[in-house]
1. Those residues that are among the hydroxyl-bearing types (Ser, Thr, Tyr) and closer than 21 Å to residue 150 by Cβ, I need them from segment 63-117; list them, please.
2. Going by the conditions given, is residue 83 of a type outside the set (Val, Ile, Thr), farther than 22 Å from residue 169 by Cβ and within 16 Å of the ligand (Cβ to nearest atom)?
3. Every residue in segment 116-134 that is within 19 Å of residue 179 (Cβ to Cβ) and open to solvent by 60 Å² or more (accessible area, probe 1.4 Å), please.
4. Which one of these does residue 13 not meet: (1) open to solvent by 40 Å² or more (accessible area, probe 1.4 Å); (2) of a type in the set (A, V, I, L, M, F, W, C); (3) at pLDDT 95 or above?
5. If I ask for residues that are surrounded by fewer than 16 Cβ atoms within 10 Å (Cβ to Cβ) and either within 14 Å of the ligand (Cβ to nearest atom) or not in a loop (DSSP other than H, G, I, E, B) (or both), which ones from segment 141-154 would you list?
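The values are calculated or read from the model by the stated rules, or taken from the named source; none is laboratory data. All of these numbers come straight from a predicted model, not from anything done at the bench. Because the Cβ atoms are built from the backbone with ideal geometry, glycine has one as well, and the counts that use them run over all protein chains shown. For the accessible areas, the whole protein counts, side chains as well, though only heavy atoms, and no ligand, DNA or RNA atoms are used. Shrake-Rupley method; radii C 1.70, N 1.55, O 1.52, S 1.80 Å.
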Amino acid sequence: MQSVSSVVSTLVLVTFAGSALAQTPRMGGPMKHIMVTLTGGTSLEAMADPSVPTPVMQNYGHTYTGNASVLNGTMYNAQYGWMVEGFWAPPSGSLLWIEQFSATPGLLAYSGGTMMNQGTFSPIFGTDGSSPRIQWSGTMLHNWYAANTPGDYTAIYRVYFGDANGVATPGSTAGEVTLNWTAVPAPGAAAVLGLGGLLAARRRRA
Ligand SMILES: [Cu+2]
């Protein structure tokens, strides 16, 4: 027979694991990097890794706390990550900027990071009246995308050199890339049903 204390500690562990899981938003799949290259010292190019399928925005039914709570109740994804390809730096006096040129209405974006540091979750790219552009340090950047309505979403971005105000550096060429997502409703419910089916199958086999 289990002692009371071991039962209690087991319960605490289970509760802690459950809440820790719920508080950490998921990327939603493998990283899909947007590789940014520089040619001739002035011309930027951006390309999303074609080997990773179109990211799916999902609602896992979790409740996040703190800044991540902006994702609560949404379908979301953070697979897209901006990455510098090769070794290069902006021309002197220039900074790297990423500007959202156009997007499907209802696409929400929040400031991200890497998976170790999930970012500030501040609204970006026009979400909640924010600026359409962000300054980019050039380190891997996985922003959070979210939607409240199922469907297909697209956004077009320009990555370019500019001054501290985001005014494009004369003589430089922006890279352009189109990103796509599919937002699907409540896969969490389907997953629970699937798990129930699995457990039922195990029980039958046992
Ligand atoms: Cu990455």
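1. 63, 64, 74, 76, 80, 102, 104, 110
2. Details: of a type outside the set (Val, Ile, Thr): yes; farther than 22 Å from residue 169 by Cβ: no; within 16 Å of the ligand (Cβ to nearest atom): yes.
Here the answer is no, as residue 83 does not meet what is asked.
3. Within segment 116-134, 133 is the sole residue that qualifies.
4. Tallying (1) open to solvent by 40 Å² or more (accessible area, probe 1.4 Å); (2) of a type in the set (A, V, I, L, M, F, W, C); (3) at pLDDT 95 or above, residue 13 fails exactly one: (3).
5. Passing the criteria: 151, 152, 154.
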